[in-house]
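The values are calculated or read from the model by the stated rules, or taken from the named source; none is laboratory data. Just so you know, these numbers come straight off a predicted model, no measurement behind them. Here the Cβ positions follow ideal geometry from the backbone for every residue, glycine too, while neighbour counts run over all protein chains shown. Please note that ligands, DNA and RNA were not included when accessible areas were found on the heavy atoms of the full protein model with its side chains. Shrake-Rupley method; radii C 1.70, N 1.55, O 1.52, S 1.80 Å.
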Amino acid sequence: MKKIFAAIAFILAMSALAAQNAAIKERVASMTARQKIGALCVMNFRFWTDKPGPREFYNPALAAESPEIFDPVNTVNKTIYKTIRDYNIGSVILFAENMGDGAAAKKFIRDLNAAALDGGNLPLLFFADQEGGNVLRVYDFATPGAMAIAKSGDRQNAYLCGKANGELLLDYGINVDLAPVCDVASNPHNPVIGIRSFSSDPKEAAECSLAFSQGLMDAGVLPCAKHFPGHGDTSLDSHKALPAIHANLSKWKKLEAVPFKENIAGGVPLIMTAHIQCPRLDKTRIKSGDGKKEIVAPATLSKKILTKILRGSLGYKGAVISDAMDMAAIYANWTSDQSFVLAVNAGCDLIINPINVYSRKDLDFLEDFFCKVEQALENGALDKKALDAAVARVLELKEKAGLITIQDKKISALPQKIVPMPKEKKLEAALLSNKIQTQAARASASNLSLPLRARSKKVLAFVPYDDKIETLQKNFEARGFQNVQLICYEARKSPSRPDLQKAKDADLILIFTQLTGNGARDKKLWEASYPAALAKELKKAQKAARTVAVSMNLPYDKKNFPQEDGFGWMPLYNYTQIGYARAVQALFD
C-alpha cells in the first residue's frame, strides 16, 4: 500500500511540474524581446544626482568615486518609477544607502514593487548582500561574518545566523540573500574575500556555508552561493581589476568546488558567478569591447565554466546570477550591452547592475542599452534559446520565492511577501550575534586570560583608523574606564618617540590591527609595517607581557606578536564599527 501511495504522489508531483513548465514556457513565448531583457535585469538605485554632465560623466562606478556628487536613495522618483515600469525590470538589488531609515526603506521597497505591477509585470525579486560581519545592508542587528562564525566552533551558529538574517530581510520584503560566501580562503593575500570566507579548509567552508543556506531557506529567504567557481585564491580585487586563478581541474575539484557541490546537493536555488579568469578551466579568449585585445573569458562570460562545468559536471539545475557588472573586471573591458549579451550566452540568468540609473539623463543610456541588446537578439549575437532559458529560470525562482503562483497553466502575482520580525526577536538575534562573536574571538585568542581586569589601569590603545576612535572611547567609558588614551596610526609606518614613551608609561597596551590582503603581501604598507615595528619596540622595552594585539581583519599578523615573548593576541574577524565595539566586549566583559 505504501508503494502505491508513493507512486501516486510521484505521478502527481510530475504532473504538477509538467503543468508548471508548460505555464512558464507559454509565458516566455508570449513575452516581447524587451520584456525578456528587463526580466533578467537586477537594477540598483543606490545613488541619485540632479546634476547631469556629459556622457563620460556616467562611468559605472562613478558614485563610489565621487560620493560628493550623489545622494543616497530611499524614495521612488519619476525616473526610477519609469525605469521599473516601462522597462519591465524583474529584480532590484538593495544597498545600505537605501536602508538607512527602516520605515523609509520598507516604503521604498513597496513602492518599487508597485511600479512593476503598474507596468503589468510580475512582482520584483529583491536582493541584498547580507553576509554578516563586514558585509551588511540592513543594520537592525549585525550577525558575525563567515570566518568568525566558523571559529566559534559550532556549525549550528552558521544555521542560526543564516536564519536570523533571513528573518530580518523578510521583515523588509527582501526575498534573496546574496550569501553565503562559498569561497575557500586559500590565499592570505586576497584583497576582497579574506574573512568573508568561512575557512581555508574546503570541508569546513562547505559545512558552514550549507548550514547558513539552510537557515536562510528555513526563514523563507532564498540563499545564493557565491562566487563560482571560487574567488578565494585570487590576489586582485575584481571590483578594481580582472583577477585569475590557475588551479587545474583536479585541484579545483578538491578545493574551490567543494563548498559549491555541498550547497548544490543541499538544494541551493541560486549561484553567483565570479569575475575571474580560470585559464586552466577555460582558456577561451574573447575580444574586448573595442576589439583591440583578446581576453581569457572570466567565469561570468565563460560558457564552459557556467554551462559545461556548473550545469554539466556538477549537475546544477537552479538559476545563475552574475556578480555586479559595474565592477572594473567587466566594465573596463566591455560595454554594458556587450557584457550582458556575453553573460547570457554563457549561462547567466540574472544580471546585476547591467547599467546604472543614477540621474534623469541615464534614461537615455538605458534606452540605448535595451536597443543594442534587442539588436543583438535580432542579428543572432544574443542566443534566443539562452535568453528564453534564462527567463524561464527567473520565473521558477520567483515561484520559489513565493512571489507568483502557477495554477491551471496560469501564472499569477501574489501579494508582496513581507513577514514582520518582532522587536523581541531582533533583540534575541543581536544578543546571539554578540555571543557568537565573543565566542569566536576568545576561542582563537592566544596567551590571554579573558576577560581582562583593567578598569583601574592606565590603558593605551593604538588604532589604525581615526573613524574608530569614537566607537572605542564610548565603549571604554561605558565600562567605567577612567584612564584610556587612544593613538591613531593611520598612514604611519613606524611609531614615533612620543608613541613609545606613552607605551612605556601604560599598564595595558592594545594594538588594534586591520591587515588587508595587500598588507599581507607587501609588509612595507603602513597597515602591516606600523604594528610590526611597534611590536619590536615594545619587546625591547620589555612591555610585551603587557600588550595585547587585537586583529580586526585578516588574522595573518599573529606572527608579529610572538606568544613566547609574552604578547597576547585576539582576532575579531570584523573591522566595522560594530566589530570594534565587540572587541572591547570580548576583552573586558
Select from the stretch 328-347 the residues that are within 18 Å of the chain's Cα centre (by Cα), of a type outside the set (Val, Ile, Thr) and crowded, with 23+ Cβ neighbours inside 10 Å and list them in ascending order.
-> Ala329
So Pro67 clears everything in (1) open to solvent by 20 Å² or more (accessible area, probe 1.4 Å); (2) of a type outside the set (D, E, K, R); (3) at pLDDT 75 or above except one condition, right? Which one?
-> (3)
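Any residue in the stretch 270-281 that is within 19 Å of the chain's Cα centre (by Cα) and surrounded by fewer than 22 Cβ atoms within 10 Å (Cβ to Cβ)?
Residues of the stretch 270-281 that are within 19 Å of the chain's Cα centre (by Cα), as a first pass: 270-276.
Remaining after also requiring surrounded by fewer than 22 Cβ atoms within 10 Å (Cβ to Cβ): none.
There is no residue in the stretch 270-281 that is within 19 Å of the chain's Cα centre (by Cα) and surrounded by fewer than 22 Cβ atoms within 10 Å (Cβ to Cβ).
Please report, ordered by residue number, the strands (runs of 3 or more DSSP E) entirely within the stretch 269-309 with at least 3 residues that are in contact with an Asp or Glu (Cβ under 8 Å, 6 or more places away or on another chain).
Details: elements: 270-273, 285-287, 294-296.
So the answer is 285-287.
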Restricting attention to the stretch 549-569, which residues are within 20 Å of Val459 (Cβ to Cβ) and surrounded by 23 or more Cβ atoms within 10 Å (Cβ to Cβ)?
-> Ala549, Val550, Ser551, Met552, Phe561, Phe567, Gly568, Trp569
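Would you say Ala454 is open to solvent by less than 30 Å² (accessible area, probe 1.4 Å) and at pLDDT below 95?
On the way: open to solvent by less than 30 Å² (accessible area, probe 1.4 Å): yes; at pLDDT below 95: yes.
Judged against the criteria, Ala454 is a match.
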Among residues belonging to the stretch 570-589 that are among the polar types (S, T, N, Q) and touching a helix residue (DSSP H, G or I) at 6+ places or on another chain (Cβ under 8 Å), point out the one that is least open to solvent (accessible area, probe 1.4 Å).
-> Asn574
Report the residue count in the stretch 127-171 for those that are crowded, with 24+ Cβ neighbours inside 10 Å, over 24 Å from Ser199 (Cα atoms) and touching a Leu at 6+ places or on another chain (Cβ under 8 Å).
-> 1
Given (1) open to solvent by 70 Å² or more (accessible area, probe 1.4 Å); (2) assigned to a loop (DSSP other than H, G, I, E, B); (3) at pLDDT 95 or above, His246 misses just (3)
Tally time: how many residues in the stretch 109-133 are in a loop (DSSP other than H, G, I, E, B) and either over 25 Å from Lys423 (Cα atoms) or modelled with pLDDT under 95 (or both)?
-> 6
When residues of the stretch 172-192 are filtered for being in contact with a strand residue (DSSP E or B) (Cβ under 9 Å, 6 or more places away or on another chain) and surrounded by 24 or more Cβ atoms within 10 Å (Cβ to Cβ), how many remain?
-> 11
Give just the number: which of (1) hydrophobic (A, V, I, L, M, F, W, C); (2) open to solvent by 50 Å² or more (accessible area, probe 1.4 Å); (3) touching a His at 6+ places or on another chain (Cβ under 8 Å) does Leu525 not satisfy?
-> (3)
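Of Ile351, Ile436, Ile418, which residue is open to solvent by less than 20 Å² (accessible area, probe 1.4 Å), outside any helix (DSSP H, G or I) and either within 26 Å of Phe95 (Cβ to Cβ) or not aliphatic (A, V, I, L, M) (or both)?
Unique residue meeting the criteria: Ile351.
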Residues (out of contact with any strand residue (DSSP E or B) (no Cβ under 9 Å at 6 or more places or on another chain), part of a helix (DSSP H, G or I) and not aliphatic (A, V, I, L, M)) located in the stretch 326-340 = Tyr331, Ser336, Asp337, Gln338
From the option list Lys261, Lys251, single residue qualifying as closer than 24 Å to Ala319 by Cβ, basic (Lys, Arg) and either open to solvent by less than 10 Å² (accessible area, probe 1.4 Å) or part of a helix (DSSP H, G or I) (or both) is Lys261
Residues of the stretch 536-547 being within 24 Å of Thr471 (Cβ to Cβ) and surrounded by fewer than 24 Cβ atoms within 10 Å (Cβ to Cβ), in sequence order, are Arg546
Could you identify the single residue in Leu382, Leu397, Leu387 that is more than 30 Å from Ala478 (Cβ to Cβ), of a type outside the set (Phe, Trp, Tyr), without any contact (Cβ under 8 Å) to a residue 60 or more places away in the chain and open to solvent by less than 20 Å² (accessible area, probe 1.4 Å)?
-> Leu382
Is it true that Pro223 is at pLDDT 95 or above, of a type outside the set (A, V, I, L, M), under 19 Å from Ala150 (Cα atoms) and crowded, with 24+ Cβ neighbours inside 10 Å?
-> yes
Among Ala324, Ala389, Ala346, the single one that is under 27 Å from Pro223 (Cβ atoms) and touching a Leu at 6+ places or on another chain (Cβ under 6 Å) is Ala346
Kindly check whether there is at least one residue in the stretch 491-498 that is of a type outside the set (Lys, Arg), open to solvent by 40 Å² or more (accessible area, probe 1.4 Å), in contact with a Phe, Trp or Tyr (Cβ under 7 Å, 6 or more places away or on another chain) and more than 24 Å from Ser235 (Cβ to Cβ).
-> yes
